[in-house]
Every structure is written in C-alpha cells, then in structure tokens.
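So the structure is just underneath, and the comments pick up after that.
The values are calculated or read from the model by the stated rules, or taken from the named source; none is laboratory data. Quantities reported herein were computed from a predicted structural model and do not represent experimental measurements. Using ideal geometry, Cβ is built from the backbone for each residue, glycine included, and neighbour counts are taken over all protein chains shown.
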Amino acid sequence: MKVFDPIVNVEDSHLILDHGAWPNFHDAEVHHLNIWRGDVRPDDNVWIGPVIEASFELCALKKPYMVVLKFHNCESIRLQEFNHQNAVYDLTFAFEARGTLTTGEPLVPYIVVNFEQAFGVALSFKCFSVQAIGRREIETIA
C-alpha cells in the first residue's frame with residue numbers, strides 16, 4: 001500500500017501549505033470541531049456519510065495561522081479524552097486496505113486519521129477523502 005502524502009492526497013492542499021511544504025501540526029490547537037452525521041436516504045439514492053470539519057491554530061510555526069480541514073464519508077469515529085487541553089501533538093494520516101471487488105480490483109482504501117495528543121489519541125476515524133478548506137492568518141496585536 002502506498003504511503004499517504006498530504007500534499008498529493010489532501011484535496012486543495014495548496015490552500016494551507018507553509019512555503020510549499022505540508023504545515024507542522026505539532027502542538028496545534030483545535031479551535032473548532034464539527035461532526036455532521038451525513039444524509040443517508042436509500043429510497044432517494046442519497047448516500048452522504050458523516051463529515052468532520054476541524055479548524056486548527058498551527059502554533060509551532062514561525063508565523064502561526066489557522067487552517068480548516070474537512071474529512072468526508074467518515075466512520076469508526078472514536079473521540080476520547082478530548083477536553084479544554086485540546087492541543088494536538090500531531091495529525092497523522094495513513095492508507096488502509098479495504099479488500100477487493102469480486103473482479104479482484106482493490107476497493108478504494110480508507111484514510112486513517114489520528115489527532116494524537118501527548119497522552120494518546122484523542123480523535124481517530126476512517127474516511128474516504130480529506131479536503132483543505134482554507135487558511136487564515138492570525139492577526140497579532142502589537
């Protein structure tokens with residue numbers, strides 16, 4: 001299985017890059033976390049899985065800024081020991097195989113996402129796509 005490269009595998013990653021590189025999420029603060037249950041209506045052929053949207057303040061950068069990421073068609077969502085001490089030690093991504101079709105073709109892999117804290121994983125889930133929504137500079141008061 002190939003290695004997850006956020007610059008390549010995160011849709012619109014160019015919106016949040018730090019001088020062309022994937023930004024450092026070490027010690028990032030989670031400012032906003034929204035989990036939408038999705039919209040599944042088989043009778044209407046609507047199959048939108050849960051969506052997680054998170055905004056982070058990237059504190060470990062020379063010039064910190066805010067980023068928003070959206071995770072589509074999520075499942076196996078586990079939220080534990082997430083509290084006011086919401087600093088993320090790291091944000092990690094990995095592909096996970098899901099098996100094969102009857103034709104032998106591999107299914108689209110999961111993307112395993114972990115919001116890791118110094119004392120363990122606070123939020124983990126699997127999704128099918130990650131999208132960078134945007135970046136906002138943090139105004140400092142002089």
When the residues of region 29-51 are narrowed to those that are in contact (Cβ under 8 Å) with a residue 24 or more places away in the chain and outside any strand (DSSP E or B), which ends up surrounded by the most Cβ atoms within 10 Å (Cβ to Cβ)? P50
Can you find even one residue in region 55-66 that is charged (D, E, K, R), in contact with a Gly (Cβ under 7 Å, 6 or more places away or on another chain) and surrounded by fewer than 17 Cβ atoms within 10 Å (Cβ to Cβ)? no
Considering only region 101-109, I want to know if a residue exists there that is modelled with pLDDT of 95 or more and assigned to a strand (DSSP E or B). no
Flag for A122 being part of a strand (DSSP E or B) and under 18 Å from N9 (Cα atoms): no
Whichever residue in region 81-100 is part of a strand (DSSP E or B) and modelled with pLDDT under 95 and, among such residues, is surrounded by the fewest Cβ atoms within 10 Å (Cβ to Cβ): T100
Can you find even one residue in region 66-79 that is in a strand (DSSP E or B) and of a type in the set (S, T, Y)? yes
Looking at (1) in a loop (DSSP other than H, G, I, E, B); (2) under 23 Å from Y110 (Cα atoms), which one does H26 not meet, given that it meets all the others? (2)
Report whether or not I7 is touching a residue at least 12 places away in the same chain (Cβ under 8 Å) and in a helix (DSSP H, G or I). yes
What is the residue count in region 1-28 for residues that are exposed (fewer than 14 other Cβ atoms within 10 Å of the Cβ) and within 22 Å of A87 (Cα to Cα)? 1
